[in-house]
Each structure stands twice: as structure tokens, then as C-alpha cells.
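K.L.:
Please read through the structure below; I'll follow up with questions.
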Amino acid sequence: MVHAVNVGQVKNSDRVLVIGAGPIGLMVTALCATSGAVVDVCDINEMRRLKALEFGAASITDKVNVGGDPVLGFGYDVVFECVGLATTMTASLGYAKAGGTVVWVGVAKPDAVVPVSPFDVYRRELTIKSTYTNPFGMEQAVKILCDKKVDWHKLISHTFNIKDFDKAWQVFQQNSGLK
């Protein structure tokens, strides 16, 4: 996630939107918040939204409203899509303000298609980026772990003994946990 935040070039006081409050989205939220950004988080799952507050989110929602035309400055400086669905990737493009950056962090299925209006990208001067595994952020990640600004243990919502696999599977199927 260090690489994703670096790709987004988040600056102090940027308005940032993180779509998806699973483990990836929560890590992005924490890294942006500790960088001085004001982070809003959107997720359909209430438990995950509430967890985002523990990772530095300034506000949480299940539906984003930028409040006006992005060309007129409404919207976010940086939008991180951390779900990996074509629908949320498409929506992410509408949440960035003019001159903003959208970073697709979530991994979409190979056959997913996202409709993009080239004119809208041109008119709003959007930057669209994506991330892939990058081993060069490891040193930075270790430093972040050592500075202890974030309690990363909060990403673990449940622990199970191997003999309780059925219970663990149920938590997974109900989408009621994190990691």
C-alpha cells in the first residue's frame, strides 16, 4: 500500500477519498491520514466503515456526494479505488476534482471493462493511475511499521484455531471480518 500512496502523490491537506474499507483500503487510509491528508472513506459494509475511523478517516459514508461539478473544484484531490469492481472503478472517475488523480488499487477481473469518457478526462485534466506489486517500497514500509503511528494489529478482526475452520469460513462468507 506504500506504493499505492506514493503513486497517488498524496500531499499534506489533500482531500482524499478511499473507496473500499477492507484491509487494503484501511492501509491506504492510515498512510494518507498520517501524511496529513483529510481522508473520507466509502464502503457499503457498516463494520468496515466504522473500522476506517480507527485508521484515521475524517468521515465515512456508504454513498459519495462530491457536492457539485468537479470542474468547479468540487471533489477530491486523490481518489483510491480499493475494491476492484468495474462499477466502483467507473464511479471513482466521477469523484476526482479537476486536476485530480484517480488510483486504481483494487484488482479487477481480467475481463472487466471500465467505460471512460476521453473528453471528460481531457476537460478535467484527470490523471488515472494503477498499481501493481512493487518491491521497492519495502524499506519505507518497515520504517512505517517501526514509527508505530498506526496500530496495524487492528487489521486482524478474528483469529481461529485450525480446527475451527468452519467458523472462519462462515465469517468469510458473511463478510463480517477483515483479516
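K.L.:
Considering the values (1) 17.3, 59; (2) 15.5, 47; (3) 16.6, 57, which represents Rg and Dmax of the Cα atoms in Å as calculated for the structure under consideration?
P.N.:
Comparing each candidate, only (3) matches the computed number.
K.L.:
What does the highest-first list of 135-145, 56-66 look like by mean Cβ count within 10 Å?
P.N.:
On the way: 135-145: 12.1, 56-66: 15.3.
Descending mean neighbour count gives 56-66, 135-145.
K.L.:
A further question on this structure: What order, most packed first, do the peptides 93-99, 173-179 have when packing is the mean number of other Cβ atoms within 10 Å of each residue?
P.N.:
93-99, 173-179
K.L.:
Same structure, new question: With springs only between Cα atoms under 10 Å apart, run a GNM on the chain and tell me which of 32, 146, 42 wobbles the most.
P.N.:
146
K.L.:
Also, I was wondering about something else. At a 1.4 Å probe, what is the % contribution of carbon and sulfur to the accessible area of the chain?
P.N.:
Taking all protein chains in place, the chain shows 57 percent carbon and sulfur surface.
K.L.:
So what is the accessible area of the chain per residue, in Å², with the probe set to 1.4 Å? Display every interim value, and only then the final one.
P.N.:
Values: 10500 Å² over 179 residues.
Normalised by residue count, the accessible surface of the chain is 59 Å².
K.L.:
How charged is the neighbourhood of residue 85? Take every other residue with its Cβ under 13 Å from the Cβ of residue 85, and add Lys/Arg as +1 and Asp/Glu as -1.
P.N.:
Values: positive: 109; negative: 43, 81, 111.
That sum, taken over residues with Cβ under 13 Å, equals -2.
K.L.:
So, with +1 on the Cβ of K and R and -1 on the Cβ of D and E, and no other charges, what is the size of the charge dipole of the chain about its Cα centre, to the nearest 20 debye?
P.N.:
Around 220 debye, computed over the chain.
K.L.:
What ranking, highest mean first, results for peptides 21-28, 126-133 when packing means the other Cβ atoms within 10 Å averaged over each residue?
P.N.:
Ranked by mean Cβ neighbours within 10 Å, highest first: 21-28, 126-133.
K.L.:
Which one, 5, 79, 126, projects farthest toward the positive side of the charge dipole computed for the chain from Cβ point charges (K/R +1, D/E -1)?
P.N.:
Projecting each Cα onto the dipole axis, the largest value belongs to 5.
K.L.:
Would you mind working out the magnitude of the charge dipole of the stretch 21-73 relative to its Cα centre, with +1 at each Lys and Arg C-beta and -1 at each Asp and Glu C-beta, to the nearest 20 Debye?
P.N.:
Magnitude of the dipole: close to 100 debye.
The values are calculated or read from the model by the stated rules, or taken from the named source; none is laboratory data. Remember, predicted model here, so these are calculated numbers, not experimental data. Because the Cβ atoms are built from the backbone with ideal geometry, glycine has one as well, and the counts that use them run over all protein chains shown. Areas reflect the complete protein model, heavy atoms only, side chains present, ligands, DNA and RNA absent. Shrake-Rupley method; radii C 1.70, N 1.55, O 1.52, S 1.80 Å.
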